[in-house]
Amino acid sequence: MDRRLALAAATAAFLAACGNPADNNAEVAPLAVDVPQAEDAAALPWIVSAAHPLATEAGAEVLARGGTAADAAVAVQTVLGLVEPQSSGLGGGAFMLYYNAETGTLHAYDGREIAPASTTPDVFLTDDGSPMAFFDAVRSGLGTGVPGAVELLEFAHERHGALEWSSLFDAPIRLASEGFAMPQRLSYYAGRLSNIRLEPGGEIYFGEDEKPLTPGETVVNQAYADSVTLIAQGGAAAFYDGPIADAIIDRVNSQTGEETMTPADFTAYQVVERTPICAPVETYTICSMPPPSSGGVTLLQIMQIFDHAGVEGGPEDNLLEYVEATRLAYADRSRYLGDPIAMGTDDLSAEALTTALIDSAYLEERAEMIGPAPLQDVEAGAPAGTAVKEGFLDDHSYEVPATSHFSIRDAAGNIISMTATVEMPFGSQMMAGGMMLNNQLTDFSRDPGRDGKPIANAPGPRKRPMSSMTPVMVFDETGAPYAAIGSPGGPAIISYVAKPLMAHIFAGETLSEAITAPHVVIPRGRLLVEEDGGDALASALEAKGYEVTRQALTSGIHGFVLGPDGVDTFADARREGSVITADDWSSL
């Protein structure tokens, strides 16, 4: 306990030194952590773990010629947008954690999409005042935000890159123009959402028989090659001011039937550097994204509530405590989290509320609610007083599992943990410039509030919708980088990351083993257990009084651990991803 108190004090000290999470466009001092010794860093290889082998290879090629993690991220994300457009892409957004080995600082870069200036709180309400059906909102055009991915990649490259920007796009341009083998997951989702065949540009994923191309058949996306060539030559400006932006705006407005998105929305887009959100757990410091991501707050709440429950072992050894910690954390998530410009009250800033939500004393009180049986009613707590609790209504957003995650370490010890998305499979199912356009604005609550009480995650002009994306970086007790991890999966992302990380920290399992265990998640109140291998867990939970649904749960956990016993790398077998290290590359 003494060590944990010391770690808590140390964490509080360096968080205080770097200030509170930033408001939009504010300058922020990054989180400062100790730098490992140079010889330790040099002894470790570069690593890329991503959701498709072609993306992993593109990142490895950049690192092999001396690129940094920021350089490799450009190649990885641009290829992912080509080969798994159902998950992420240049028409979407992302959150990035970047550890700078030279300065020993951790940066949190917010590349989340923003709503057009025309967006109003009631944008998703029908004529009778009821919320629009989710899938109607997805296809309405009103769900598409201004993409942030390209600006984020350039933002990171300008600060941390070493190679020429234009040299980082060779692989995606070649693959798009010459063709790539149809991936199994892309073929599957094209079959599930076959209406994209009717979208101009979507026919590239289908054969003459109007059926999706089978895995292994060649896909050519020349429009994507042309767009990426413009970005390679002109930087992010070529995306946000020119023919690419015009094509996206025209496609969105043709769907809405009015001028809901404008060139000014694109030129106004900015990446925001925010302060990472961190907390001590056992002998580690766990860091993730602050709002508008809900991932960091909720992950740290789950882990600390579980820790305060005083049990021995990991989540599978203590299923009730794990489930109740998750339910309590998700209740706070629904009540309080959204774009920082909408969080808090006149008397309590968004930054103070974020800090209060992960306060150890508050979470110890939440843990004391856990008893021998499931809680009957789980409500949001009052981390800073009941006035705050009663001042907001619970969020009613609906997220669909898609998204992608990759983790990179370069030869100098710089590390990226980045999660990117277009929201649901194929996003809005609209295309422009060879890219799938996001439907991120449906991550807002379609019900903006009532009776004078707001919802923190209600729509609004230039707001960023709440996200579940949870890129994570872990530091050991010396302050050295220890692990990078993240996953896709909609609102289940947080539990996809939390459960294996907790099994590693509390039960000593290796992360490469822990990610293979069946998932137990509670994304929208229902308790879901992965049907593949999860029967014993489901039965144990039912015996404790829970109502359990068994279903497929497709995470995509990618990352690595830089432990004292060596490097542990992992790519979730539930998807098509792979890992390449410097040692692997030299043997190819």
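Some notes on this structure:
- Per-pair calculated FRET efficiency, R0 = 30 Å: Asp532 and Leu198 via Cβ, rounded to 0.05: 0.35
- Environment charge of Pro374, counting only residues whose C-beta is closer than 12 Å and scoring Lys/Arg +1, Asp/Glu -1: -3
- Near Ala225: Cβ cut-off under 12 Å, other residues only, Lys/Arg at +1 and Asp/Glu at -1. The net charge is -2.
- Each 5 Å bin, from zero up to the one with the longest distance, holds this percent of the alpha carbon pairs of the range 123-162: 6, 20, 16, 12, 9, 9, 9, 10, 6, 3, 1, 0.
- Estimated FRET transfer efficiency when R0 is 41 angstrom, pair Ala237-Asp359 (beta carbons, to 0.05): 0.45
- Mean Cα-pair separation over length for the chain, i.e. relative contact order, pairs under 8 Å, 6 or more apart, %: 23
- Within the assembled protein chains, the solvent-accessible surface assigned to Val378 is about 40 Å², based on a 1.4 Å probe.
- Distance between modelled label sites at Met369 and Thr516, nm, 7 Å Cα→Cβ extension: 3.7
- By accessible area, using a 1.4 Å probe on protein heavy atoms only, the chain has 48% of its surface on carbon and sulfur.
- Computed from point charges on the beta carbon alone (+1 for Lys and Arg, -1 for Asp and Glu), the dipole magnitude for the chain about its Cα centre is near 460 Debye.
- Helix screen, the chain: DSSP H segments with Cα axial length of 15 Å or more and mean Kyte-Doolittle hydropathy at least 0.0 are 2-18, 53-64, 69-83, 222-234, 295-308, 493-507.
- Read-out Kirkwood radius over Cα pairs in Å, derived from the coordinates shown; its label in (1) 28.8; (2) 32.7; (3) 23.6: (3)
- With N as its number of residues, the range 495-570 has a Cα radius of gyration that, divided by 2.2 N^0.38 Å, comes to 1.19.
- Each helix, a run of at least 4 DSSP H residues, gives -39500 (n - 2.57); summed and divided by the residues of the chain, these come to -10500 deg cm²/dmol at 222 nm.
- Ordering of 331-340, 453-462 by packing is 331-340, 453-462, highest average first (other Cβ atoms within 10 Å, averaged per residue).
- Probe 1.4 Å, accessible area per residue of the range 295-341, Å²: 21
- For the range 235-274, a crude dipole built from +1 on the beta carbon of Lys and Arg and -1 on the beta carbon of Asp and Glu, taken about the Cα centre, is about 160 debye to the nearest 20.
- Estimated dipole of the range 443-562 in Debye, rounded to 20 [Cβ of Lys and Arg +1, of Asp and Glu -1, Cα centre]: 800
- Placing unit charges on each Cβ (+1 for Lys and Arg, -1 for Asp and Glu) gives the chain a dipole about its Cα centre, and among Gly257, Thr68, Met430 the Cα reaching farthest toward its positive end belongs to Gly257.
- Positive minus negative residues near Phe124 (Lys, Arg vs Asp, Glu; Cβ under 10 Å): -2
- For the pair Glu547 and Glu258, label points projected 7 Å from Cα toward Cβ lie 4.1 nm apart.
- Packing order of peptides 572-579, 528-535, highest average first: 572-579, 528-535 (average count of other Cβ atoms within 10 Å over each peptide's residues).
- Shape category assigned to the range 451-588 from the gyration tensor of Cα positions, a/c cut at 1.5: oblate
- For q = 0.13, 0.24, 0.25, 0.30 Å⁻¹, Debye-computed log10 I/I(0) when each Cα of the range 480-523 counts as one equal scatterer: -0.27, -0.84, -0.89, -1.15
- Of the peptides 310-322, 81-93, 536-548, the ranking by mean beta-carbon count within 10 Å, highest at the top, reads 81-93, 310-322, 536-548.
- Model label points for Gln270 and Glu102, set 7 angstrom from Cα along the Cα-to-Cβ axis, are 2.5 nm apart.
The values are calculated or read from the model by the stated rules, or taken from the named source; none is laboratory data. Because the structure is predicted, anything quoted here is derived from the model rather than measured. Using ideal geometry, Cβ is built from the backbone for each residue, glycine included, and neighbour counts are taken over all protein chains shown. These accessible areas exclude ligands, DNA and RNA; they are computed on the full protein's heavy atoms, side chains included. Shrake-Rupley method; radii C 1.70, N 1.55, O 1.52, S 1.80 Å.
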